[in-house]
1. Among 20, 43, which is the only one that is open to solvent by less than 40 Å² (accessible area, probe 1.4 Å), at positive phi and part of a loop (DSSP other than H, G, I, E, B)?
2. If you take the residues in segment 60-72 that are surrounded by 12 or more Cβ atoms within 10 Å (Cβ to Cβ) and not charged (D, E, K, R), which one is nearest to residue 32 (Cα to Cα)?
3. Picking from 75, 28, which residue would you name as being surrounded by fewer than 10 Cβ atoms within 10 Å (Cβ to Cβ), without any contact (Cβ under 8 Å) to a residue 12 or more places away in the chain and either acidic (Asp, Glu) or in a helix (DSSP H, G or I) (or both)?
4. With (1) among the β-branched types (Val, Ile, Thr); (2) surrounded by 13 or more Cβ atoms within 10 Å (Cβ to Cβ); (3) not in a helix (DSSP H, G or I) as the list, and residue 48 as the residue in question, which single condition is left unmet?
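The values are calculated or read from the model by the stated rules, or taken from the named source; none is laboratory data. Source: prediction; values computed, not measured. Glycine also receives a Cβ, built like all others from the backbone with ideal geometry; neighbour counts cover every protein chain displayed. Heads up: the accessible areas ignore ligands, DNA and RNA and are worked out on the full protein's heavy atoms, side chains in. Shrake-Rupley method; radii C 1.70, N 1.55, O 1.52, S 1.80 Å.
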Amino acid sequence: HCLAVRAVCQREIDCDRGNGYSWKITLLRNYWKSKVKQEWFSGKYSKIPSQFSLPEKSMYPMDVDTWGEIMEAELER
């Protein structure tokens, strides 16, 4: 599970591990973020008509750098 999450959230995982978090805590801190991020990267939310069309679990508290990655992926699409 940790490697699957790291495939999507490498920067976040490396930062948490560098800050001394265990793999268990790192996974708990980043699991849902990786799921939401992967859905954005796959294009699931690329052509939504409004924010009200987003599923409830499509959002997750993420930092500016993570949203930047998502926006870059959208611009490249």
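1. Answer to the check: 43.
2. Filtering first and then ranking leaves 60.
3. None of the others qualify; the one that does is 75.
4. So residue 48 meets the others, but not (2).
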